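Heads up: the structure comes next, in structure tokens.
The values are calculated or read from the model by the stated rules, or taken from the named source; none is laboratory data. Note that the structure is predicted; figures quoted are calculated from it, not measured. Note that each Cβ is placed from the backbone with ideal geometry, even for glycine, and that neighbours are counted across all protein chains shown. All accessible areas refer to the heavy atoms of the entire protein, side chains included, with ligands and DNA or RNA removed. Shrake-Rupley method; radii C 1.70, N 1.55, O 1.52, S 1.80 Å.
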Amino acid sequence: MTITRLGIFLTVISGFALALFALPAERPVSFILLHTGNAGQHSEAILQSSFVSGELTREVHSATAVELNNGDIRVFWYGGKREGSKDTAIFSRVFNHGTGGWSEIHEVINRQQVNHDTRRYIRKLGNPVAVVKGDELWLFFVSVSVGGWAGSSINLSVSRDNGNSWGPVRRLISSPFMNISTLVRNAPLLTEQGDILLPAYHEFLGKFSELLHIDSRGTVINKYRISHGREAIQPALLATGSDSAIAFMRNTSASNPGKLWFSHTNGHIADWAPLQPLSLPNPDAAATVVQLDSPGELLLVFNNHPSERDDITMAWRPSAESDWQLIHQFEKLDKAEKIHNPFSYPFLLKTADGNFHLFYSWKRKHIKHVWFNRATLQKMRTSAGKDS
Amino acid sequence: MISAYPLLSGLSAALLCIAWASLLLPMARLAVAVRLLIISGITLLVMLPLDGNPGWYAVRGLFGDSSISAMLFYLAFTLQQNVSWQIYRTDELVLFRWLLAASALLLYPFALGLTGFDSYSLGYANPWLLAMVFIITLLFWWRSYYFTAVILTAGVLACSLQLLESGNLWDYLLDPVFVIFLLLTCLKSAPGENQTR
């Protein structure tokens, strides 16, 4: 054996031995379950709505919101001259839960900042989602360097002062194919281990849903596929137990269109049941869901039509065994109006004080906020029960 | 992490562009001085600011980061093509090409959603994938294909140290631009390549 051969052999052996030694152990996933209170049930009914995105940009879209540790609501959306234009930025403002007033709108992150921080050319920004993790607020959002949304990648920025200032933007690596085609839309879940499970989806060759397992450093450490093929995107995820979850997904199928997709875990976060169509329609549009007083009791906001986004409707399911009941319609397009997909991308947030905050894109010109409480929800259920 | 150091990120993007130029341009017909001039010109173009940002921002935005194996291979290819340093052999390149093509076939269709099986997720802290790469690396070493054995080992080590933004071993071993590059090398006969050591 020559010296070179021996040297290379030792290099290979020691290199792989080091790599094996450094291999991290597989991290389990135990969801932090939200304790669902029913505060506000006996207070006066609240149902208020307003436009919250102002006039800073001509188009706005894809609102998301998070309850801060002090009880205030921070809402995010992206806006610009039009969807995909170079001036798109992520905007935000805060709803004061004590006074019911709104802060000024401010630009959180723009294209130039992402360009600078990630050291990559960035053409446009898109969907944001946020989560409170301890004292930090983590904001994930989409950016595109080339092409349409299929060329998206996910970025992360962290704030340590409830979103008043933001740390450098970092790129998440979630796909082997030039890291393109991963997007976010719905809220992440936290785990007991201090990690984040971020619902994500692809829309390049395949249109499918998955979960990104992200550690406390903000690195993707695993991923779990919910669906495959070209059927389902934008998973709205709920934990139903410490090791079980359910997901509702937008239907992008060419062969089975028109119904909202549903799936659930089979005992492990990596093992998801085949997609099942719900009785609720879906016009290839995002839906949002929250849990009420038990893991099976859900509120879902969606477009109640198999092909048009011309309404925003809320459905209630009392338990996992029950059927869905339509309990309220927030929007319905006037038949005289000819606007394509006027109401879309609903995001429903349930807060610890028993209130609900719904945000959605209103004719792409505004983000509309609807604030209601348990008493209002009770009225909606009662009224729907009488109608049916 | 390489991306924390702009110079390293810039040089990595420059290396990619130089390797592609060496592959696509008839460099062998040019004088060595002209080749070096072209290489210097590409490096300057990639490193200097254009419209406020260095050119390599566009390269990273377009192609993402090169894998560690790709970076080392691009360097070897550039040297072998332009200054006739023999770093790998033609038969080694052929075998490596087959290996990368097979890996790409296993990785990309499944990673892009063909079935419920996600081949990309095998790259996260997976001892079985590491063991497979180890066996392949030993086979290359056994056949005296030392260059490939070294770049595979470097990729695995770089993943342990997380030198790229990714925590997935696949991203250290191959990337789609590299796979296309390697497949195209079969169209090019290099001046320094031959069957003997």
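The lone criterion from (1) facing chain A (nearest Cβ under 7 Å); (2) open to solvent by 10 Å² or more (accessible area, probe 1.4 Å); (3) under 27 Å from residue B:88 (Cβ atoms) left unmet by residue B:153 is number (2). Applying a threshold of 6 Å to beta carbon distances and a minimum spacing of six or more residues, or different chains, the list of pairs starting in the range A:331-345 at a residue that is among the polar types (S, T, N, Q) and ending at one that is open to solvent by 20 Å² or more (accessible area, probe 1.4 Å) reads A:341/A:309; A:344/A:309.
Being outside the structural domain of residue A:65 (by TED's automatic domain parsing), modelled with pLDDT under 95 and out of contact with any strand residue (DSSP E or B) (no Cβ under 7 Å at 6 or more places or on another chain): is that true of residue A:244 here? Judged against the criteria, residue A:244 is not a match.
Beta carbons closer than 8 Å, at least 6 apart along the sequence or on distinct chains, never pair a first residue in the range A:1-18 that is loosely packed, with under 13 Cβ neighbours inside 10 Å with a second that is among the basic types (Lys, Arg). Of all residues in the range A:357-375, none are of a type in the set (A, V, I, L, M, F, W, C) and assigned to a loop (DSSP other than H, G, I, E, B).
Which ones in the range A:334-354 are open to solvent by 20 Å² or more (accessible area, probe 1.4 Å) and on the phi < 0 side of the Ramachandran plot? A:334, A:335, A:336, A:337, A:338, A:339, A:340, A:349, A:350, A:352, A:353, listed by residue number.
Annotation: of all residues in the range A:107-144 being open to solvent by less than 10 Å² (accessible area, probe 1.4 Å) and of a type in the set (Ser, Thr, Tyr), the one that is farthest from the chain's Cα centre (by Cα) is A:118.
Return the residue satisfying two criteria in turn: it lies in the range A:177-209 and is open to solvent by 10 Å² or more (accessible area, probe 1.4 Å) and within 10 Å of chain B (Cβ to nearest Cβ), and of such residues it is farthest from residue B:3 (Cα to Cα). Checking each candidate, the answer is A:207.
Entry remark, the range A:189-239: residues being touching an Asp or Glu at 6+ places or on another chain (Cβ under 9 Å) and hydrophobic (A, V, I, L, M, F, W, C) number 7 in total. Whenever a residue of the range B:74-93 is on the phi > 0 side of the Ramachandran plot, its partners that are at pLDDT below 95 and not basic (Lys, Arg), lying with C-beta atoms within less than 7 angstrom and at least six residues away or across chains, give the pairs B:84/B:191; B:84/B:192. Sort through B:130, B:105, B:112, B:100 and tell me the only one that's open to solvent by less than 60 Å² (accessible area, probe 1.4 Å) and more than 11 Å from chain A (Cβ to nearest Cβ). That would be B:100, the only listed residue that is open to solvent by less than 60 Å² (accessible area, probe 1.4 Å) and more than 11 Å from chain A (Cβ to nearest Cβ).
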